[in-house]
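Each remark here refers to the structure printed beneath this line.
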Amino acid sequence: MKRWHRLLVALVVVAGVTAGAITIQRRVATHMDISAISASEFEALIKSLPQQRRDFYSTPEGKKEFADQIQMALALAQEAKRIGLLGDPEVMSQIEMQKLSILASAYRDRHADVQITDEEIETFHRLNPTALQEILKLYPQLGQSEDARDQVRRQLAELRIFADRAKKEGLDRDPGVALQLRIFPSFAIQQHVMRRLFESTTVSPEEIQRYYDQHRNEFEQVKARHILFSLRPKPDQTTPPDKEKVRQKALQVLQRLRAGEDFATLAREYSEDPGTRENGGDLGFFSRGRMVKEFEEAAFSLAPGQISDLVETTYGFHIIKVEEKRTAPLDNQIRLEIEQKVRAEKINATLEDLKKRYAVKIALS
């Protein structure tokens, strides 16, 4: 990753957003008022992206995904304006950082071999003596070491210098870059709206209980044992065992189980699962989503006391015996899982409503 691009990840604020915040807010609010993007504009936007992203977003699937991302980001930007987030200095600084990064990226795409000299770095900071201090004052974690401070200091200067050069060359008037400057700052805003949504979306104890009662199948658990006949190479071998020989061995053990021999005893003798072998193959209780698909489907299809046929997974052949089934109790862990799931559902519903409320039409072709 190029150093000027790493700055976008490392820094979350750009120096100098102070008295001009109101002017910036008005300008951003105007730029975010986008109701439609034509097919030609959308193509120009894609062509202005770095090569790797351009290749993906030029495909039919990529275009749809890109359009969905833009529609959501612009909707959240409109919501940010409605709830007053565009007056937040941190939000405004991130918007300005996004714009600087767009301009710097456009310049570097056209001047890949250009480097910023140490003298230019020093000149920038001599002309902008408080730039680094303003960043570190708001985000002291960026300067936890001298090396980190030096890196931030250099990258900030590079970003600003490249962005200034881009403006002097008129790159901000390039159709694709101009669209980036109008649209992409909304991506810097959406994380703040999402944070507000998360903080304001609550889930009551009654909602947790209701979800648990209505989705008991999701909390079904089985207590099972298994015997594993591994198809993976042993530690002292480089090739896997013969699959048919392993299968025949597993079938012989299965026949002995069907004849009534003790499952735990045979598991201790034959299982190649080091984690459960000494415990007679005991897996304890587990819920859906804990085991590989084939194993889970077999285990949850068995009634207590039943023994499965051979079940093949990436690990090898399994014989499974289910000993008990139950619904997991509504303990603190399950409550937390339900709370997170219900909150996510509420937030997703809100996002869909916002996307409809601030609908942006994007022509893909």
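The values are calculated or read from the model by the stated rules, or taken from the named source; none is laboratory data. All values reported here derive from a predicted model rather than from experimental measurement. Reconstructed Cβ throughout: ideal geometry from the backbone, glycine too, with neighbour counts over all protein chains shown. Areas reflect the complete protein model, heavy atoms only, side chains present, ligands, DNA and RNA absent. Shrake-Rupley method; radii C 1.70, N 1.55, O 1.52, S 1.80 Å.
Miscellaneous remarks
- Matching residues in the range 121-148 - criterion: being free of Cβ contacts under 8 Å to residues at least 24 places away in the same chain, surrounded by 14 or more Cβ atoms within 10 Å (Cβ to Cβ) and of a type outside the set (Gly, Ala, Ser): 136
- Selection from the range 287-299 of residues that are open to solvent by less than 60 Å² (accessible area, probe 1.4 Å) and at pLDDT below 95: 287
- Qualifying residue in the range 269-283 (condition: buried (at least 17 other Cβ atoms within 10 Å of the Cβ), more than 28 Å from the chain's Cα centre (by Cα) and among the basic types (Lys, Arg)): yes
- For the range 232-245, the condition holds for no residue, the condition being that it is more than 35 Å from the chain's Cα centre (by Cα) and buried (at least 18 other Cβ atoms within 10 Å of the Cβ).
- Within the range 232-247, the set of residues being within 23 Å of residue 297 (Cα to Cα) and at pLDDT 95 or above comprises 243, 246, 247.
- Within the range 300-329, being at pLDDT 95 or above, open to solvent by less than 40 Å² (accessible area, probe 1.4 Å) and within 31 Å of the chain's Cα centre (by Cα) holds for 300, 313.
- Test: residue 221 is over 30 Å from residue 333 (Cα atoms) and either part of a strand (DSSP E or B) or without any contact (Cβ under 8 Å) to a residue 12 or more places away in the chain (or both): no
- Any hit, the range 68-88, residues being within 21 Å of the chain's Cα centre (by Cα), in a helix (DSSP H, G or I) and among the charged types (D, E, K, R): yes
- Residue that is least open to solvent (accessible area, probe 1.4 Å) [pool: residues in the range 91-120 that are out of contact with any Leu (no Cβ under 9 Å at 6 or more places or on another chain) and of a type in the set (A, V, I, L, M)]: 116
- Qualifying residue in the range 134-141 (condition: modelled with pLDDT of 90 or more and among the hydroxyl-bearing types (Ser, Thr, Tyr)): no
Residue by residue, here is whether (1) modelled with pLDDT under 95; (2) among the basic types (Lys, Arg); (3) open to solvent by less than 50 Å² (accessible area, probe 1.4 Å) holds:
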site: 182; (1), (2), (3): yes, yes, no
site: 201; (1), (2), (3): no, no, yes
site: 210; (1), (2), (3): no, yes, no
site: 223; (1), (2), (3): no, yes, yes
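- Conditions (1) at pLDDT below 95; (2) in contact with a Gly (Cβ under 7 Å, 6 or more places away or on another chain); (3) aliphatic (A, V, I, L, M): number failed by residue 228: (1)
- Residue count for the range 152-197 under the criterion of being touching a residue at least 40 places away in the same chain (Cβ under 8 Å), over 16 Å from residue 106 (Cα atoms) and more than 23 Å from the chain's Cα centre (by Cα): the result is 5.
- Among the residues of the range 37-55, those that are open to solvent by 10 Å² or more (accessible area, probe 1.4 Å) and in a helix (DSSP H, G or I) comprise 39, 40, 41, 43, 44, 47, 51, 52, 53, 54, 55.
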